[in-house]
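Asks: Pasting a structure here, questions to come.
The values are calculated or read from the model by the stated rules, or taken from the named source; none is laboratory data. This structure is a prediction, so every number in the text was calculated from the model and none was measured. Reconstructed Cβ throughout: ideal geometry from the backbone, glycine too, with neighbour counts over all protein chains shown. When the accessible area is computed, the model is the full protein with side chains, heavy atoms only, and any ligands, DNA or RNA have been set aside. Shrake-Rupley method; radii C 1.70, N 1.55, O 1.52, S 1.80 Å.
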Amino acid sequence: MRRLRHALLCLCLFLLPLAARAADFPPVTDAERALTSVPGEPNAPAVVLFKKGEFLMAGYGLQTGAPVSYLRIQVRVKILTEEGKSNGEIAISHSDFTRLQHFEGRTVLPDGRVIPVPPDARFVRKTSQSRKTFKTAVAFPSVEVGAILDYRYELKFESIFYLEPWYFSDDQPVRYSEIVFKTPPEMGVRVWNRGPAVQKETEKTPSGYKIRGWVENLPSVPDDPYGPPFEDLAAQMLVLPSHLSNDVKLLGSWPETCELIEKYYDKFRFRDGEARKKAREIAGTGSPRQQAEALYRFVRDEIETEPFIGVVVDSSSSMADALSERRADRAEKALLLEAMLKAVKIDSHLVWAADRNRGTIDTELPNPSWFDTVLVRVDLDGQPVFLDPSDRSLGFGFLRPGYEGTPALLPDPKKPGGVVLPETPFDQNVERAEIDLTLDASGRLSGKGTLTLTGHRAWERIDWKEDDAQTLTAWKDWLAERYRSFQLSDVRFTESPDERKVTVTWAMAEREDEVLGDEATVWPSAPLGPVAQPFVQPSSSRRTAVMFDFPAREEVVLRFHWPEGWTIESFPRTIDVAKSVGALSSSAEVQEAERSLVYRRRFDRTKKTLGSSQEYEAVRALYAEVEKTDAQPLFLVRR
């Protein structure tokens, strides 16, 4: 159930207390005991025999008035292989607003013995101090091949809403999964689902409505290399509260959704005098761009980002608190930046954005939980600029790769608007290595190197580790892995979020025990290669599209010198190949008189997403050429 994520929207509506619980787990059937493999997936390490959920929304069946709902979950898993024993530990996310309660679990061994999960088998880890969020891990006892794991628990919501879909699918094949949404009679809802074979039925009851969805015999969600996220591939279902019978509007349309959340934004903005004063101090008297950059850097760097994600702000938080405590979540930081820009008369607009790696959003469904962050858009020099103050690794006007090219929303209670976020071209996301190597008369290699990262390549390594010392150690380890026969020294790095640039420099000398004396081998693609083929499946076996984090370019330039008395026996081939998804070029310029060589290799991946089998075969072919080229060393011998 680690795939379940729970979003909160705190509204004061109705309540539902907990109904009675079943005293025991359902008995294990003869068919469940006999099952040793899954039809269609004979190598599956485990199988979900059933996964059931029951969401009790806002006072279903009761006459009370507190805003509480419950989600009951019950799961049964069978271990089929030794590898499947890793399913013997689960993790459940919860918080002060989503309370985990009544967890029960057991292991049923193949011989029929039942071993309950003891209380000390649970470990609770706090994931956010201010938001009071937690993750409870549970390890089942005596997990072995053939064992059946049963568990159930409840999540108590201080809200009427459960805005994340119920996932019928799992990493393992699922024999049966269902979700029952129970809603009070005064609640209007909208039913949404994604994926094949979801069956649904609605039943009117004396207490309201029961909306049931179920699926049988679901295959495991594919885990292809560079495949789409789980959320894109899983069968799922969601019931969205749209309105109340007394004409109270909830999430029936995007304007209504925006109006609902705007009330919380207005409350957060209420005490903004200190923010306006601080903005005028920081912005100075420069151009609008200079002022915007100064305010962005302040909110990005001086206000610590809390880990809570989403577009909703806590009803008890305020702008004054964010400034005084120097901490805020993503939505709060965007609201703070918006207010500070307004104080110096720079117009801006909030933008709700979604990380592509959390799954594709359905813009037809007005669900605020699709979005996990709030950006700020300003128009400078006639161009829209999108600002994300939640990430200290991001320069002014740059976005994290997961947000580029995705649909986003300009929230407005009157007329919300859609926008597609801009993308960084592949030739700006660059890894460029320049290496100078010299072979001395004894046959020992030595030299220096420079690695320059730009665009998203730099973003990946800015604030890579907790501090500079740990980052330096990580770079040393990264280089050591790529130059195993060399001693490395004088490793240094610099990084600039605002330039989106990282530079690493080093010196190196071949280890004495690696020197042969009469021959030498150099891998010219290092440190960016040699590259191995990541797409070993033929297109007939590939079940999903290819999704890279971003398109990118790799460049290697090797300048090599050797002494008199040595000669080159072989060097990498010259190649210049272009595919619909990228290109590869490789060349070597040899100056025999100067005993020098310059080798250049450039590898481009020009697309982020490859959807067709033709594009998949093209990227396979391109990587095959890179692998073949990188496998050809520069080889010298003493004459």
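Asks: Label the chain by shape, choosing from rounded, prolate and oblate, from the square roots a ≥ b ≥ c of the eigenvalues of the Cα gyration tensor; if a/c is under 1.5 it is rounded, and otherwise prolate applies when a/b is larger than b/c, oblate when it is not. Let's see the in-between values first.
Replies: Working: a/c = 2.28, a/b = 1.42, b/c = 1.61.
Oblate, since a/c reaches 1.5 and b/c is not below a/b.
Asks: For the stretch 174-191, in order, what is each residue's ³J(HN,Hα) by Karplus, 6.51 cos²θ - 1.76 cosθ + 1.60 with θ = phi - 60°, in whole Hz (x at glycine and Pro)?
Replies: With the stated coefficients, the stretch 174-191 comes to 10, 6, 7, 9, 8, 9, 10, 9, 10, 10, x, x, 7, 9, x, 9, 10, 9 Hz.
Asks: Moving on. Restricting things to Cα coordinates, could you compute the convex hull volume per residue of the stretch 524-617 in Å³? Working shown, then result.
Replies: Values: hull volume 10.1 nm³, N = 94.
Spread over its residues, the Cα hull of the stretch 524-617 gives 108 Å³ apiece.
Asks: Then there's this: Please work out the Cα center distance from the stretch 232-274 to the stretch 524-583, rounded to the nearest Å.
Replies: 49 Å
Asks: Classify the stretch 339-475 as rounded, prolate or oblate, taking a ≥ b ≥ c as the square roots of the eigenvalues of its Cα gyration tensor: rounded when a/c is under 1.5, otherwise prolate if a/b is larger than b/c and oblate if not.
Replies: Values: a/c = 2.83, a/b = 2.43, b/c = 1.16.
The shape class here is prolate.
Asks: If you don't mind, there's one more thing I want to ask. Return one whole number: the accessible area per residue of the chain in Å², for a 1.4 Å probe. Don't skip to the answer; put the middle values down first.
Replies: Working: 28520 Å² over 639 residues.
Counting only protein heavy atoms, the per-residue value for the chain is 45 Å².
Asks: Test of the criteria: in the stretch 334-366, which trypsin sites (Lys or Arg not before Pro) are in a DSSP loop and have at most 10 other Cβ atoms within 10 angstrom of their Cβ?
Replies: Numbers: sites: 342, 345, 356, 358; in loops: 345.
Here the sparse-neighbourhood loop sites are 345.
Asks: Using a Förster distance of 45 angstrom, determine the FRET efficiency expected from the C-beta separation of residue 326 and residue 448, and round it to 0.05. Walk me through the numbers before you get to the answer.
Replies: Details: r = 42 Å, r/R0 = 0.92.
The computed FRET efficiency comes out at 0.60.
Asks: Taking H placed 1.01 Å from N in the peptide plane, check which residues at least 5 places from residue 487 or on another chain put their amide H under 5 Å from its amide H.
Replies: 509, 510, 511
Asks: Each residue of the stretch 298-306 in order: what ³J(HN,Hα) in whole Hz does its phi give by Karplus 6.51 cos²θ - 1.76 cosθ + 1.60, θ = phi - 60°, with x for Gly and Pro?
Replies: Going residue by residue, I get 4, 5, 5, 9, 8, 10, 5, 8, 6 Hz, with x marking Gly and Pro.
Asks: For the residue pair residue 474 and residue 120, what label-to-label distance in nm results when each label sits 7 Å from Cα along the Cα-to-beta-carbon direction?
Replies: Label-label distance for residue 474 and residue 120, simple model: 3.7 nm.
Asks: Within 9 Å, Cβ to Cβ, of residue 348, how many net charges do the neighbouring residues add up to if Lys/Arg are +1 and Asp/Glu are -1? Don't jump to the answer; show the numbers that get you there.
Replies: On the way: positive: 342, 377; negative: 338, 347, 379.
After counting each charged neighbour, the total is -1.
Asks: Sorted by average packing, counted as other Cβ atoms within 10 angstrom per residue and highest first, what order do 202-213, 401-412 take?
Replies: Taking the mean over residues of other Cβ atoms within 10 Å, the ranking is 401-412, 202-213.
Asks: Next up: Per-residue counts of other Cβ atoms within 10 Å, averaged by peptide: what ranking do you get for 610-616, 580-586, highest first? List each step's numbers first, then the result.
Replies: Values: 610-616: 15.4, 580-586: 19.6.
The densest-packed peptide leads the list: 580-586, 610-616.
Asks: At 0.36 nm per residue, minus the direct Cα-Cα distance, what do residue 287 and residue 248 gain on full extension? Give it in nm, one decimal, please. Can you show the working numbers first?
Replies: Details: separation 39, 0.36 × 39 = 14.04 nm, distance 4.56 nm.
Contour length minus the Cα-Cα distance gives 9.5 nm.
Asks: Which distance in Å, rounded to a whole number, links the C-alpha centroids of the stretch 420-478 and the stretch 343-387?
Replies: The stretch 420-478 and the stretch 343-387 have Cα centres separated by 31 Å.
Asks: How far apart, in nm, are two points set 7 Å out from the Cα along the Cα-to-Cβ line at residue 262 and at residue 614?
Replies: If labels sit at residue 262 and residue 614, their model points lie 4.7 nm apart.
Asks: Under 11 Å from a point 7 Å along the Cα-to-Cβ line of residue 557: which residues of the stretch 570-606 have their amide N that close?
Replies: Only 599-601 fall inside the zone, counting backbone N under 11 Å.
Asks: Checking the cross-link filter: which lysines have an alpha carbon closer than 19 Å to that of residue 85, excluding same-chain neighbours under 8 positions apart?
Replies: Within reach: 51.
Asks: Measure up 607/628; 448/607; 182/415 against 29 Å on the Cα-Cα distance and list the ones that go over. Provide the component values of the computation, followed by the final result.
Replies: Values: 607/628 22 Å; 448/607 33 Å; 182/415 32 Å.
Over 29 Å Cα-Cα: 448/607; 182/415.
Asks: Take residue 567 and residue 383, extend 7 Å from each Cα along the Cα→Cβ direction, and tell me the distance between the two endpoints in nm.
Replies: 5.5 nm
Asks: HN-Hα J couplings of the stretch 430-436 from phi, Karplus 6.51/-1.76/1.60, θ = phi - 60°, integer Hz, Gly and Pro as x?
Replies: 10, 10, 10, 10, 10, 10, 10
Asks: What shape does the stretch 194-253 have by the C-alpha gyration tensor, where a ≥ b ≥ c are the square roots of the eigenvalues, rounded means a/c under 1.5, and otherwise prolate means a/b greater than b/c and oblate the rest?
Replies: On the way: a/c = 5.28, a/b = 1.83, b/c = 2.88.
Since a/c reaches 1.5 but b/c is at least a/b, the shape of the stretch 194-253 is classed as oblate.
Asks: To the nearest 10 degrees, how steeply does helix 254-269 sit against the main Cα axis of the chain, on a 0 to 90 scale?
Replies: So the helix axis and the longest Cα principal axis differ by about 80 degrees.
Asks: What is the sum of charges, Lys and Arg at +1 and Asp and Glu at -1, for the other residues whose Cβ falls under 13 Å from the Cβ of residue 214? Let's see the in-between values first.
Replies: On the way: positive: 51, 52, 175, 200, 210, 212; negative: 54, 178, 201, 216.
Net local charge, residue 214 excluded: +2.
Asks: Quick one: pull the percent of accessible area on the chain belonging to carbon and sulfur, 1.4 Å probe, ligands and nucleic acids left out. Intermediate values should be presented prior to the final figure.
Replies: Working: 13540 of 28520 Å².
It is 47 percent, rounded to a whole number.
Asks: By DSSP, what percent of the beta bridges with both residues in the chain are antiparallel, rounded to the nearest 5?
Replies: Numbers: 151 of 170 bridges.
Around 90 percent of the beta bridges assigned by DSSP in the chain are antiparallel ones.
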